[in-house]
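Q: Got a structure here, written out as C-alpha cells. Questions coming.
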Amino acid sequence: MNKKQIITLAREFRRNQTPAEKIFWNLVRNRNFDGKKFVRQHPLIYENRNDKNLSFYIPDFYCAEHKLVVEIDGKVHDYQKEYDEQRTIIINEMGIRVVRINNDELSDIEKVKERIRKFF
C-alpha cells in the first residue's frame, strides 16, 4: 500500500467512527482537552523490520505534542490482545507512547482525563 492509499484509508476510518470514538473525539477536538491538539486516525508509517517495506498503523487518536496515541478499545480487542501488544511495541519503538481506554471507561470521563494527563 502506498502513502496515498494509507491516507485514503485513514479518511474512511474518520468517517466511520465507533460511538465510543465519537465520545472521545468530542472530549478532545478543537483543543478542548487541556489545550492539547489531538487528531483522529492519523497514519503512523514506518519501515518494517523484517522486509524493509513501508508498514503502517492508524491509531484512533494521536497527540503529536506529547507523542501519545490513545486507543479506544471495544470488545473486539478482547480477542486480539497479542496483535494489540505487538502494535504497541512497534509504536513505542517509534518513540510514541500508547494509552488504551476501554469503551466502558468512557462512562467516567473525569477518570479517563486523569489517566491521559499522566502522559503530559
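Q: Out of all the residues in the range 95-120, which are in a helix (DSSP H, G or I) and either surrounded by 11 or more Cβ atoms within 10 Å (Cβ to Cβ) or among the small types (G, A, S) (or both)? I'd like the intermediate steps shown before the answer.
A: Of all residues in the range 95-120, those in a helix (DSSP H, G or I) come to 103-107, 109-117.
Hits for the range 95-120 are N103, D104, E105, L106, S107, I109, K111, V112, K113, R115, I116, R117.
Q: When the range 21-68 is examined, which residues are found to be of a type in the set (A, V, I, L, M) and under 21 Å from F119 (Cα atoms)? Don't jump to the end; show me each part of the working.
A: Let us first name the residues in the range 21-68 that are of a type in the set (A, V, I, L, M), namely 23, 27-28, 39, 44-45, 54, 58, 64, 68.
Answer for the range 21-68, where residues must be of a type in the set (A, V, I, L, M) and under 21 Å from F119 (Cα atoms): I23, L27, V28, V39, L44, I58, A64, L68.
Q: For the range 15-30, how many residues meet the condition of being surrounded by fewer than 16 Cβ atoms within 10 Å (Cβ to Cβ) and either among the basic types (K, R) or outside any helix (DSSP H, G or I) (or both)?
A: 5
Q: Looking only at residues that are assigned to a helix (DSSP H, G or I) and of a type outside the set (D, E, K, R) in the range 31-68, which one is farthest from R14 (Cα to Cα)? I'd like the intermediate steps shown before the answer.
A: Just the residues of the range 31-68 that are assigned to a helix (DSSP H, G or I), to begin with: 31, 64-66.
Right, trim to of a type outside the set (D, E, K, R) and you get 64, 66.
Working: A64: 18, H66: 21 Å.
My answer is H66.
Q: Turning to a different aspect of this structure: Looking at the range 71-94, can you tell me whether even one residue there is assigned to a strand (DSSP E or B) and of a type in the set (D, E)?
A: We begin by selecting, within the range 71-94, every residue assigned to a strand (DSSP E or B); these are 71-73.
Now narrow it down to the ones that are of a type in the set (D, E): 71, 73.
Looking for residues that are assigned to a strand (DSSP E or B) and of a type in the set (D, E), one finds at least one in the range 71-94, hence yes.
Q: Taking the condition surrounded by 15 or more Cβ atoms within 10 Å (Cβ to Cβ), touching a Lys or Arg at 6+ places or on another chain (Cβ under 8 Å) and under 30 Å from N2 (Cβ atoms), does L68 pass? Steps first, please.
A: On the way: surrounded by 15 or more Cβ atoms within 10 Å (Cβ to Cβ): yes; touching a Lys or Arg at 6+ places or on another chain (Cβ under 8 Å): yes; under 30 Å from N2 (Cβ atoms): yes.
Taking the combined requirement at face value, the residue satisfies it.
Q: For the range 1-50, which residues satisfy the criterion of being on the phi < 0 side of the Ramachandran plot, of a type in the set (D, E) and touching a Phe, Trp or Tyr at 6+ places or on another chain (Cβ under 9 Å)?
A: E21, the sole residue that qualifies.
Q: Would you confirm, using the coordinates I've provided, whether K37 is of a type outside the set (V, I, T), within 21 Å of I91 (Cβ to Cβ) and modelled with pLDDT of 95 or more? Steps first, please.
A: Numbers: of a type outside the set (V, I, T): yes; within 21 Å of I91 (Cβ to Cβ): yes; modelled with pLDDT of 95 or more: yes.
Yes: the conditions hold for K37.
The values are calculated or read from the model by the stated rules, or taken from the named source; none is laboratory data. In this text the structure is predicted, and so the values were computed from the model without any measurement. When we count neighbours, we look across all protein chains shown, and the Cβ atoms used for this are built from the backbone with ideal geometry, even at glycine.
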